[in-house]
Amino acid sequence: MEWITDRLESAGIRQVGPPGEPRVRPWTTVIRIPTDHGDVWFKVASQATAHEIAIYPLLAHYSASLVLQPIAVDAGRSWILLPDGGNALRDVAKGDDLVDHWIGIVAGYAQLQRSLMSEPARLLDLGVPDMRPEVMLHRFDEGVEVAHRIIEQHGTTEDRETLRNIEAARSRYSEWCDELVGSPVSASLDHSDLHGGNVLMRNGSPRLSDWGDSVVAAPFSSLLVLLRSLQDSLDCSPDDPRLLRVRDAYLGVFSDVDSHDRLVHTMEISCRVSKVIRALTWARVLSLDPDANPDWATYPFIWMSSVLEPHYLD
């Protein structure tokens, strides 16, 4: 493609082989380009995830050490050229080593979120979905509508009872949203899919990738997917001290904002509220391609159901 060739040449990079086979997903297409500077990745976002391309320059501005520096960006066409970031964290670290990596990563990520607390209007203008606490009760209602459609097609008697329980939880969910609106922790960018597959490691340095699920939300929402994925990797309980070390390394960046106990409480409420964000993210994926993967069909309902669970990570 002429655009790729021109941008590589402008950056002093020469393509040395044919592009690899495209990796096509409903939300994005990625192509590997071999060059004399290593592999380069050409990414095309769908309309639903175009904000990922638009926010990269902003991310690079606020945290050059934590995100890949784009070689070229065409926000109008949702195109981006990125250098290779290395191997996924989950493939290079296990056990306590994985925990130690995450402790360093979350501190840098939290600092990025604090920097972006001054930019919510700009993020929204760039197309990042609005999941701030003040709109999340409306998002809950949207999630219930999605759950209804799923149950009509796939639901059992037990599922219909669960749906009624979800609807009955609306007032409690509203209270959680009100708590977050009154929190001293301002809304910011939430990666929303932060796990070991979306952290790339090269020469010991992490880079956060795949921002297509990102939203403007209560920032502590990020710990929902992160801690759940780490819990799965460690095969441990949600209150395992290793998970709490990662949690506290993240919350420590906000220690000047509120007491530790209050920060923990806000984090747990944020994670409960953000389960609806995950439901709507999967609903968006299904809207892009309803036949993409049959296993995904009930994911929005499963995430809405998780609002009823007693533990914030369940």
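Can you give me the number of residues within segment 56-95 that are among the acidic types (D, E) and part of a helix (DSSP H, G or I)?
1
Given the conditions (1) more than 29 Å from W27 (Cβ to Cβ); (2) over 19 Å from the mean Cα position of the chain (by Cα); (3) polar (S, T, N, Q); (4) assigned to a helix (DSSP H, G or I), which single one is not true for S305?
In the conditions (1) more than 29 Å from W27 (Cβ to Cβ); (2) over 19 Å from the mean Cα position of the chain (by Cα); (3) polar (S, T, N, Q); (4) assigned to a helix (DSSP H, G or I), S305 misses (1) alone.
Only residues that are of a type outside the set (S, T, N, Q) and surrounded by 13 or more Cβ atoms within 10 Å (Cβ to Cβ): list them for segment 1-21, please.
The answer is W3, I4, R7, L8, A11, I13, P19, G20.
Given the options R207, R164, R228, name the one that is more than 26 Å from Q111 (Cβ to Cβ) and either basic (K, R) or not assigned by TED's automatic domain parsing to the domain that holds I151 (or both). Step through it out loud before you land on a result.
Values: R207 fails: more than 26 Å from Q111 (Cβ to Cβ); R228 fails: more than 26 Å from Q111 (Cβ to Cβ).
On inspection, the qualifying residue turns out to be R164.
Do you know which residues across segment 253-278 are over 30 Å from V146 (Cα atoms) and in a helix (DSSP H, G or I)?
V253, F254, H260, D261, R262, L263, V264
Just one of D256, D235 is surrounded by fewer than 16 Cβ atoms within 10 Å (Cβ to Cβ), in the same structural domain as E167 (by TED's automatic domain parsing) and on the phi > 0 side of the Ramachandran plot; which is it?
None of the others qualify; the one that does is D235.
Of everything in segment 78-102 that's under 30 Å from D125 (Cα atoms) and without any contact (Cβ under 8 Å) to a residue 40 or more places away in the chain, which residue is surrounded by the most Cβ atoms within 10 Å (Cβ to Cβ)? First the steps, then the outcome.
Here is the first cut: in segment 78-102, the ones under 30 Å from D125 (Cα atoms) are 78-85.
Filter once more, keeping what is without any contact (Cβ under 8 Å) to a residue 40 or more places away in the chain: 78, 80.
Working: S78: 20, I80: 24.
Filtering segment 78-102 for residues that are under 30 Å from D125 (Cα atoms) and without any contact (Cβ under 8 Å) to a residue 40 or more places away in the chain, the one surrounded by the most Cβ atoms within 10 Å (Cβ to Cβ) comes out as I80.
If I filter segment 6-20 down to residues being within 31 Å of the chain's Cα centre (by Cα) and in a helix (DSSP H, G or I), which single residue comes out as farthest from G38 (Cα to Cα)?
R7
The values are calculated or read from the model by the stated rules, or taken from the named source; none is laboratory data. The structure displayed is predicted, hence computed values, not measured ones. Cβ: placed from backbone, ideal geometry, glycine included. Neighbour counts: every protein chain shown.
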